[in-house]
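The values are calculated or read from the model by the stated rules, or taken from the named source; none is laboratory data. This structure is a prediction, so every number in the text was calculated from the model and none was measured. All Cβ positions, glycine included, derive from the backbone under ideal geometry; neighbour counts span all protein chains shown. Accessible surface areas use protein heavy atoms only, side chains included; no ligands, DNA or RNA. Shrake-Rupley method; radii C 1.70, N 1.55, O 1.52, S 1.80 Å.
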Amino acid sequence: TYKDKTELFLNKESLVKTEDKYSRIIENLNFGLIEVNLDEVITKVYPAFCELSGYSEAELIGQNARDLLALKEELEESETLNDQRKEGISNVYERRIRRKDGKIIYLIISGAPIYNDKNEIVGSMGIHVDITDRKLLEQDLISAKEAALASMRAKEMFLANMSHEIR
C-alpha cells in the first residue's frame, strides 16, 4: 500500500515560500523588530533593530531587553506595559532607549503578545520606529515658542511702561 503525499508536499512548499516572502517584507520595512520571551529575554532580532540599537544580533540574543536598553527612570512603566502583553493586550507607546554607543533615542513601539500552537502567550514582539528627529524638532519648536512668548511679554511691558511715562 502507498499513500499519496503530493498535496501535503505542495502545501508545505507553499507555506515555506509564503514565510520567506513575508520575512523579506518585514526585513525591508526598516522597522526594528524584536521578539522576547515572557522574561523579556531577546529570542529573535531583525537587522533593522540591530541598526537602530547599534548592537549586533549576537550581542542581543539571550540578553534581557529591559536591562540592556531601557532607561532606569522608565523601568516601572515598561514593566506595566509588559504585564499587559502577558495578559494578551497589545499596546503602542513612546519610549526612550540607550543605544550601544550611549546615545539616547526616541521610539514609538507597538508591542503585541506572541502565542504558541496551544494559544498560550509565550512572549511578545515589538515593532520599533525611530522618532528621534521628530522629538528633537518638537523640543526646538517648544523652546522657540517659549522664547517668542517671553519676547512678546517683554514688548507688552515696554509698551505699558512707555504709555505710563507718556501720560
When every residue in the range 81-132 that is assigned to a loop (DSSP other than H, G, I, E, B) and in contact with a strand residue (DSSP E or B) (Cβ under 7 Å, 6 or more places away or on another chain) is compared, the one most open to solvent (accessible area, probe 1.4 Å) is SER90
VAL45 passes all but one of (1) open to solvent by 40 Å² or more (accessible area, probe 1.4 Å); (2) in contact with a helix residue (DSSP H, G or I) (Cβ under 6 Å, 6 or more places away or on another chain); (3) among the aliphatic types (A, V, I, L, M); which number fails?
(1)
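So in the range 133-167, with the set limited to residues that are acidic (Asp, Glu), within 30 Å of LEU69 (Cα to Cα) and open to solvent by 80 Å² or more (accessible area, probe 1.4 Å), which one is nearest to the chain's Cα centre (by Cα)? Talk me through it step by step, then tell me what you get.
Initial filter on the range 133-167 (acidic (Asp, Glu)): 133, 138, 140, 146, 156, 165.
Subsequent filtering for residues that are within 30 Å of LEU69 (Cα to Cα) retains 133, 138, 140.
Okay, now just the ones that are also open to solvent by 80 Å² or more (accessible area, probe 1.4 Å), so 133, 140.
Working: ASP133: 15, ASP140: 23 Å.
Going through the qualifying residues, I end up with ASP133.
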Enumerate the pairs (first residue in the range 1-19 and touching a residue at least 60 places away in the same chain (Cβ under 8 Å); second residue anywhere and of a type in the set (Asp, Glu) and surrounded by 10 or more Cβ atoms within 10 Å (Cβ to Cβ)) with beta-carbon separation below 9 Å, excluding pairs fewer than 6 apart on the same chain, so at least 6 apart or on different chains.
none
So LYS135 fits all but one of (1) in contact with a Phe, Trp or Tyr (Cβ under 6 Å, 6 or more places away or on another chain); (2) under 26 Å from SER23 (Cα atoms); (3) not aromatic (Phe, Trp, Tyr); what number is the exception?
(2)
Any chance the range 18-34 includes a residue that's open to solvent by less than 60 Å² (accessible area, probe 1.4 Å), assigned to a helix (DSSP H, G or I), modelled with pLDDT under 90 and of a type in the set (Lys, Arg)?
no
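Of all residues being assigned to a helix (DSSP H, G or I) and hydrophobic (A, V, I, L, M, F, W, C) in the range 63-78, which is nearest to GLY126 (Cα to Cα)? Just the residue, please. Step through it out loud before you land on a result.
We begin by selecting, within the range 63-78, every residue assigned to a helix (DSSP H, G or I); these are 65-69, 72-78.
Pick out the ones that are also hydrophobic (A, V, I, L, M, F, W, C) and you get 65, 68-69, 75.
Values: ALA65: 11, LEU68: 15, LEU69: 13, LEU75: 16 Å.
Across the range 63-78, the extreme among qualifying residues is ALA65.
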Quick check on my filter: what residues within the range 49-68 are closer than 19 Å to ASN82 by Cα, under 15 Å from the mean Cα position of the chain (by Cα) and open to solvent by 30 Å² or more (accessible area, probe 1.4 Å)?
ARG66, LEU68
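Considering only the range 69-80, state which residues are of a type in the set (A, V, I, L, M) and touching a strand residue (DSSP E or B) at 6+ places or on another chain (Cβ under 8 Å). Full working, then the answer.
First pass over the range 69-80, keeping only residues of a type in the set (A, V, I, L, M): 69-71, 75.
Those that are of a type in the set (A, V, I, L, M) and touching a strand residue (DSSP E or B) at 6+ places or on another chain (Cβ under 8 Å): LEU69, ALA70, LEU71.
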